[in-house]
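Notes to accompany the following structure.
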Amino acid sequence: MDASNRPFWERKSLEEMSEREWESLCDGCGRCCLHKFEDDTSGDIYFTDVACQYLDEETCSCPHYDDRQKYVPDCLSITPNWEEKFNWLPSTCAYRLLYEGKSLYDWHPLISGNKQSVHLAGISVRGRTYRDNEIKEDQLFEHIIHWVE
């Protein structure tokens, strides 16, 4: 295929993408809104099934996305120059995949043309989480998960 006919995510680096292109990479899975732990020794990241209280579990989106740091000061704000911090994202995440030189999955809405495909593929957090205002901080370790991807 001629390079000019390839989709933008195959032609451009993360840094070259427009804001609209960048935002369209988000598959809407909601996994970035899960609480995580980092092993200080190994650097491994462990996800929990505990999501930010603002995550709409049905749509897997944040109603405060544009000003989310106002509500949750340490909320992730993903940028093209994140480098090693991309490991804080799930291995299925388009931002991480592209950073690692990998292809998007067939269920990604940019490939499937269907925003529901991430839910239909069982990748999203829909119906699988607790809210962080329902779980005590000292209980978070009990909620570490290993979802098959």
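Here are a few things to note about the model shown:
- Pair list, Cβ under 6 Å, 6 or more apart: region 80-96 residue modelled with pLDDT of 90 or more, other residue loosely packed, with under 14 Cβ neighbours inside 10 Å: Pro80/Glu15; Ser91/Glu149; Thr92/Glu149
- For Ser61, the criteria (1) within 20 Å of Ile123 (Cα to Cα); (2) touching a strand residue (DSSP E or B) at 6+ places or on another chain (Cβ under 9 Å) hold in every case but one, which is (2).
- Residues satisfying the stated conditions in region 44-70, i.e. part of a strand (DSSP E or B) and in contact with a Ser or Thr (Cβ under 7 Å, 6 or more places away or on another chain): Asp49, Val50, Ala51
- Of the listed requirements (1) polar (S, T, N, Q); (2) more than 15 Å from the chain's Cα centre (by Cα); (3) surrounded by 12 or more Cβ atoms within 10 Å (Cβ to Cβ), Asn81 misses just one: (3).
- Ser124 passes every criterion in (1) closer than 25 Å to Gly43 by Cβ; (2) of a type outside the set (D, E, K, R); (3) touching a helix residue (DSSP H, G or I) at 6+ places or on another chain (Cβ under 7 Å); (4) assigned to a loop (DSSP other than H, G, I, E, B) apart from (1).
- Of the residues in region 66-77, at least one is basic (Lys, Arg), out of contact with any strand residue (DSSP E or B) (no Cβ under 6 Å at 6 or more places or on another chain) and under 22 Å from Asp132 (Cα atoms).
The values are calculated or read from the model by the stated rules, or taken from the named source; none is laboratory data. Since we're looking at a predicted model, the values are computed, not measured. Counting neighbours? That spans all protein chains shown, and the Cβs are built from the backbone with ideal geometry, glycine included.
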